[in-house]
1. Among all the aspartates and glutamates, which ones have a C-alpha under 18 Å from residue 143's C-alpha, if same-chain residues fewer than 8 places away are not counted?
2. Across 10 Å bins from 0, what is the distribution of all Cα-Cα pair distances for the chain, in whole percents?
3. Note down the relative contact order for the chain as a percent, whole number, built from C-alpha pairs under 8 angstrom at least six residues apart.
4. Can you return the aspartates and glutamates within cross-link range of residue 21? Criterion is Cα-Cα under 12 Å, with same-chain partners fewer than 8 residues away left out.
5. So what is the calculated 222 nm ellipticity per residue for the chain, using -39500 (n - 2.57) for each DSSP H run with n of 4 or more, over all residues, to the nearest 500 deg cm²/dmol?
6. Can you tell me the dipole magnitude for region 2-130 around its Cα centre, using point charges on the Cβ only (Lys, Arg +1; Asp, Glu -1), in Debye to the nearest 20?
7. How long are the three semi-axes of the equivalent ellipsoid for region 1-92, computed from the Cα gyration tensor as the root of 5 times each eigenvalue, in whole Å, largest first?
8. So if I take the centroid of the Cα atoms in region 1-44 and the same for region 101-117, what is the distance between those two points in Å?
Amino acid sequence: MRIGVAADHGGFSMKEQLARKLAFDGHEVVDFGNEVLDSSDDYPDFAVPLARAVAGGHVERGVLLCGSGIGASIAANKVNGARAAICHDDYSARQGVQDDDMNILCLGGRTTGIEVAWDCVRSFLGVTFSGAPRHQRRLAKVKQIEGRLDANLTGGLTKGERE
């Protein structure tokens, strides 16, 4: 599988370790940075290119890290077609793909140990979206939300939704 990886300084060390493990397991790893440990870098600079690559089909899935995984997840989810979630256990990593078609696994380099992170990555990559009708219905609703374009400050809500 072609896997994109990315991290800011908070997840850099873990990204390097996970990339080696992924390559050893036979995956093609595409590194979206950072390429060096830089304590002044910013997670959106790596999260957004990775999310665009996943959403565009240039990589099949992504593994994204920052210190907690939260900021990276928030940034990645701004890209239409990216479905990123922070996971702390293999069940969530597996279920996120099976039920929600999650395509980016977010991890905290400062909050998750490497063995737990690796378990999450293996679970994330080891399953596919179930395609069950209820999950397809829910995913279609998410895609509708992504499709709304509204330049005002209501966040794309219709007048009825704002009231």
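1. 99, 100, 101, 161
2. Pair shares across the bins are 12, 40, 32, 14, 3, 0.
3. Relative contact order of the chain: 21 percent.
4. 115, 119
5. Calculated at 222 nm, the ellipticity per residue is -13500 deg cm²/dmol.
6. Working: 11 positive and 18 negative charges, 39 e Å.
The dipole magnitude comes to about 180 debye.
7. Here the semi-axes work out to 17, 16, 13 Å.
8. 12 Å
Here, each number is a calculation from the coordinates, and none is a lab measurement. Quantities reported herein were computed from a predicted structural model and do not represent experimental measurements. Cβ: placed from backbone, ideal geometry, glycine included. Neighbour counts: every protein chain shown.
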